[in-house]
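Here is the structure we will look at, set down as structure tokens.
The values are calculated or read from the model by the stated rules, or taken from the named source; none is laboratory data. Quick caveat: nothing in here was measured; it's all calculated off a predicted structure. Note that each Cβ is placed from the backbone with ideal geometry, even for glycine, and that neighbours are counted across all protein chains shown. When the accessible area is computed, the model is the full protein with side chains, heavy atoms only, and any ligands, DNA or RNA have been set aside. Shrake-Rupley method; radii C 1.70, N 1.55, O 1.52, S 1.80 Å.
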Amino acid sequence: MSSAKVGAKAPEFEAPAYYKGGFTTVKLSDFQGKWVMLCFYPGDFTFV
Amino acid sequence: MSVDSQFVHKVWNDQELSKMAKKDIPFYMASDGGGNIGSLYGVYDPEDGVDYRGRFIIDPDGVIQAMEVLTPPVGRKFNETVRQIQAYQYVRAAKGTEACPAGWEPGKKTLKPAPELVGNVWKVWDPFTDH
């Protein structure tokens, strides 16, 4: 049930995160007014 | 963002990435436990329980302008992402009056869409020299 399409609003999300030495929560809407590069990858400690 | 926890992200930063990059990772390393966010973005593989290499460029209005999705064994090229962000920033600043043709990079020729340009792009833009 993907709702991500070019030209459409990016789906909002909230996720636990590691950031500069601490643990926090990050939301897409925290970056309103800024350019965002959102990257997914298969896993930590994998090879590529 | 991957299905790993924020705690594993920390250890990966500390033990490996910071050694590769010669500094700590400067951006958020978010956890997508269960792949819920990956599912929302169409990049979660429930069979393997991991997110594909999905990359989304989101503009200041929260609109997705570009996406790229690769399966696990091939890595991305970061410079291409930077080029796309630069091009989207350029056309946004031009408020739709200019477009960036194939291979465009900052400083290269843009096109100004207008009725006179229809069928005449070949006169003003050379794919061999203008990129």
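Helix content alone sets the calculated 222 nm mean residue ellipticity of the protein assembly as shown: runs of n ≥ 4 DSSP H residues at -39500 (n - 2.57) each, divided across all residues, give -5000 deg cm²/dmol.
In a DSSP loop and with at most 13 other Cβ atoms within 10 Å, the trypsin sites (Lys or Arg not before Pro) in the range A:6-48 are A:K20, A:K34.
Are there any chymotrypsin sites (Phe, Trp or Tyr not before Pro) in chain A that are in a DSSP loop and have at most 12 other Cβ atoms within 10 Å? List them by number. For chymotrypsin sites (Phe, Trp or Tyr not before Pro) across chain A that sit outside H, G, I, E and B with at most 12 neighbouring Cβ atoms in 10 Å, the list reads A:F45, A:F47. With all protein chains in place and ligands, DNA and RNA left out, the 1.4 Å accessible area ranks B:E16, B:E105, A:E14, B:E98 as A:E14, B:E105, B:E16, B:E98, largest first.
Against chain B, whose longest principal axis comes from its Cα atoms, helix B:78-93 is set at around 50 degrees.
The solvent-accessible area of B:T129, taken with every protein chain present and a 1.4 Å probe, is close to 90 Å². Within chain B, what's the longest run with no chymotrypsin sites (Phe, Trp or Tyr not before Pro) in a DSSP loop and at most 13 other beta-carbon atoms within 10 Å? Give the range, please. Here the longest segment lacking exposed loop sites spans B:28-127. The amide H of B:D32, built 1.01 Å from its N in the peptide plane, has B:S2, B:V3, B:D4 as neighbours under 5 Å, considering only residues 5 or more places off or on other chains.
For chain B, which longest stretch is free of loop sites, where a loop site is one of the trypsin sites (Lys or Arg not before Pro) that DSSP puts outside H, G, I, E and B and that has at most 10 other Cβ atoms within 10 Å? That gives B:24-76 as the longest site-free run.
Counting only other chain Cβ atoms within 10 Å of each residue's Cβ, the peptide B:39-52 averages 4.
Normalising the average separation of contacting C-alpha pairs (under 8 angstrom, six or more residues apart) by the number of residues puts the relative contact order of chain B at 13 percent.
Here the translational diffusion coefficient of the range B:79-124 follows from Stokes-Einstein with Rh set to the Kirkwood radius across Cα pairs; for 37 °C and 0.692 mPa s it amounts to 291 µm²/s.
Excluding same-chain neighbours fewer than eight residues apart, the aspartates and glutamates reachable from B:K23 by a Cα-Cα span under 14 Å are B:D14. In this structure, the residue pairs whose Cα-Cα separation is over 30 Å, taken from A:K34/B:K123; B:K22/B:K95; A:K27/B:K109; B:K77/B:K108; B:K95/B:K123; B:K10/B:K95, are A:K34/B:K123; B:K22/B:K95; A:K27/B:K109; B:K10/B:K95.
The order of B:D32, B:D24 by accessible area, most exposed first and with a 1.4 Å probe, is B:D24, B:D32.
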